[in-house]
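The values are calculated or read from the model by the stated rules, or taken from the named source; none is laboratory data. Just so you know, these numbers come straight off a predicted model, no measurement behind them. Here the Cβ is made from the backbone with ideal geometry for all residues, glycine too, and neighbour counts use every protein chain on show.
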Amino acid sequence: MSSELIHRNQTRDQSENQIEDSPSSPRLENSHPKTRNMLNRAPFLFIGIAIATLFFHYLPSRSTLPQNLNLDDSSLIETDLALPTRRVLLEERQERRQRVPLSVGLKSKKNKRVLVTGGAGFVGSHLVDRLIERGDNVIVIDNYFTGRKENVIHHIGNPNFELIRHDVVEPILLEVDQIYHLACPASPVHYKFNPTNVVGTLNMLGLAKRVGARFLLTSTSEVYGDPLQHPQAETYWGNVNPIGVRSCYDEGKRVAETLAMDYHRGAGIEVRIARIFNTYGPRMCLDDGRVVSNFVAQALRKDPLTVYGDGKQTRSFQYVSDLVEGLMRLMEGEHVGPFNLGNPGEFTMLELAQVVQETIDPNAKIEFRPNTEDDPHKRKPDISKAKELLGWQPSVSLRQGLPLMVSDFRLRLFGDSKINGDKGASAE
């Protein structure tokens with residue numbers, strides 16, 4: 001019995017061993033699936049690695065690409081190779097943005113598109129007349145703080161003229177080739193009431209940078225302050241009170257010159273700087289506090305001519321047409337400046353009053369008053385630089401130009417263009 005039981009157990013163990021070793025057994029099929037999958041995929045993995053190695057080994061680098069390769073070709077495969085090329089092209093486009101040729105074609109033509117800020121003012125309107133006469137396309141922006149629409153109304157309807165009411169302290173987008181920046185209150189009465197000119201200059205320089213325009217800044221002889229050098233040359237740095245009642249204008253123009261030169265050096269803007277000395281002529285404001293307009297208006301109204309201080313302070317007076325000629329030569333020339341633009345003929349305030357008496361009323365009285373704060377004692381331009389580099393010098397004397405201004409003032413005050421003793425009224 002026992003031997004039979006042992007035999008049965010041995011027989012069962014052999015049968016189980018045979019089942020485990022059988023190739024058709026389901027247990028064997030499920031015992032190593034991961035191993036069998038890896039073995040099946042291994043050839044494809046090695047083939048992929050080999051292809052990638054050959055691709056990167058034999059593909060030419062960016063430095064060996066042919067020069068005439070079209071990088072914008074849609075057949076280019078989007079690979080890491082294209083990324084450095086795109087970055088280089090982007091950097092080149094950013095560099096070109098520094099001078100955007102918005103007015104393409106205009107610079108190649110004889111007529112330019114010119115922006116005149118403050119173009120409805122005294123000097124600006126005379127400049128506009130010359131530019132229109134030359135055939136340029138002129139855009140005038142003015143807020144009419146000191147300018148008048150009447151100064152340029154005779155150009156309304158001209159297809160080459162455009163007038164925009166705008167304050168330069170706010171940015172504006174235009175397409176121009178040249179910018180004459182004249183917008184700024186220039187008389188003590190006006191700049192003490194509205195003491196700002198730096199923001200407008202900054203905005204116009206920004207416009208010049210965006211469109212690649214040439215920029216002319218009309219600075220002033222006031223940058224010399226109460227000068228310790230006489231006459232004043234462009235190399236003189238000035239003697240200015242930075243906290244005085246006139247400093248908003250004096251220092252404001254000095255800052256404007258600084259900004260212009262920084263844009264010229266840092267951004268490559270074509271800049272021109274003119275330092276304007278006392279200018280007179282038709283279309284001046286009647287009561288702007290400047291000495292020539294004061295004397296003329298007072299003499300026409302039969303008021304005393306008010307002389308401040310002892311009357312020995314000196315000034316130089318240029319007629320507006322001479323100034324406009326100098327500004328245009330500076331803009332069209334190749335020299336940055338600054339350039340003194342003024343008449344070196346020097347007059348004391350008493351001498352000026354006497355010329356006004358001779359021109360308008362020999363019986364006009366002179367009244368002395370206390371001098372104003374920070375009033376310069378002497379002012380006379382050294383124009384050697386303008387003579388040499390611009391070929392410019394004034395041609396209208398005070399006794400020639402003053403009667404022309406008197407005629408304009410009389411017409412605006414009384415509606416009468418005829419005056420007694422209008423000597424030299426045809427000279428210009």
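Miscellaneous remarks
- H335 satisfies every condition listed in (1) at pLDDT 90 or above; (2) farther than 17 Å from I276 by Cβ; (3) part of a loop (DSSP other than H, G, I, E, B) except (2).
- For the stretch 146-159, taking the residues that are in contact (Cβ under 8 Å) with a residue 12 or more places away in the chain and surrounded by fewer than 15 Cβ atoms within 10 Å (Cβ to Cβ), the one that is farthest from K253 (Cα to Cα) is identified as N158.
- Of all residues making up the stretch 342-363, the number that are surrounded by fewer than 20 Cβ atoms within 10 Å (Cβ to Cβ) and over 21 Å from V324 (Cβ atoms): 11
- L352 meets each of the listed conditions (1) in contact with a strand residue (DSSP E or B) (Cβ under 6 Å, 6 or more places away or on another chain); (2) at pLDDT 90 or above apart from (1).
Here is a yes/no grid of residues against (1) over 18 Å from E334 (Cα atoms); (2) without any contact (Cβ under 8 Å) to a residue 12 or more places away in the chain:
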site	(1), (2)
W237	yes, yes
V245	yes, no
V255	yes, no
T258	yes, yes
H264	no, no
G268	no, no
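- The residue that is surrounded by the most Cβ atoms within 10 Å (Cβ to Cβ), among those in the stretch 163-184 that are β-branched (V, I, T) and in contact with a Gly (Cβ under 7 Å, 6 or more places away or on another chain), is V168.
- The set of residues from the stretch 117-131 being assigned to a loop (DSSP other than H, G, I, E, B) and either among the charged types (D, E, K, R) or at positive phi (or both) comprises just one member, G118.
- There is no residue in the stretch 310-326 that is over 40 Å from the mean Cα position of the chain (by Cα), without any contact (Cβ under 8 Å) to a residue 24 or more places away in the chain, more than 24 Å from H126 (Cβ to Cβ) and not in a helix (DSSP H, G or I).
- Residue list for the stretch 256-293, filter: of a type in the set (F, W, Y) and closer than 30 Å to R210 by Cβ: Y263
- Selection count, the stretch 358-376, where residues are charged (D, E, K, R) and assigned to a loop (DSSP other than H, G, I, E, B): 5
- Residue check: K192 meets all listed conditions (1) assigned to a helix (DSSP H, G or I); (2) surrounded by fewer than 20 Cβ atoms within 10 Å (Cβ to Cβ); (3) at pLDDT 85 or above but one, namely (3).
- Residue in the stretch 213-261 that is surrounded by the most Cβ atoms within 10 Å (Cβ to Cβ), counting only those that are of a type in the set (S, T, Y), in a helix (DSSP H, G or I) and touching a Pro at 6+ places or on another chain (Cβ under 8 Å): Y224
- Each residue in the stretch 377-402 was checked for being surrounded by fewer than 19 Cβ atoms within 10 Å (Cβ to Cβ) and assigned to a helix (DSSP H, G or I), and 7 pass.
- Qualifying residue in the stretch 331-341 (condition: surrounded by 19 or more Cβ atoms within 10 Å (Cβ to Cβ), over 30 Å from G268 (Cβ atoms) and in contact with a helix residue (DSSP H, G or I) (Cβ under 9 Å, 6 or more places away or on another chain)): no
- Failed criterion for V296 (all others in (1) within 30 Å of A208 (Cβ to Cβ); (2) surrounded by 22 or more Cβ atoms within 10 Å (Cβ to Cβ); (3) of a type in the set (A, V, I, L, M) hold): (1)
- Some residue of the stretch 327-340 being under 23 Å from Q229 (Cα atoms) and of a type in the set (F, W, Y): yes
- Here V355 does not fit the description of being farther than 20 Å from K378 by Cα, part of a helix (DSSP H, G or I) and of a type in the set (V, I, T).
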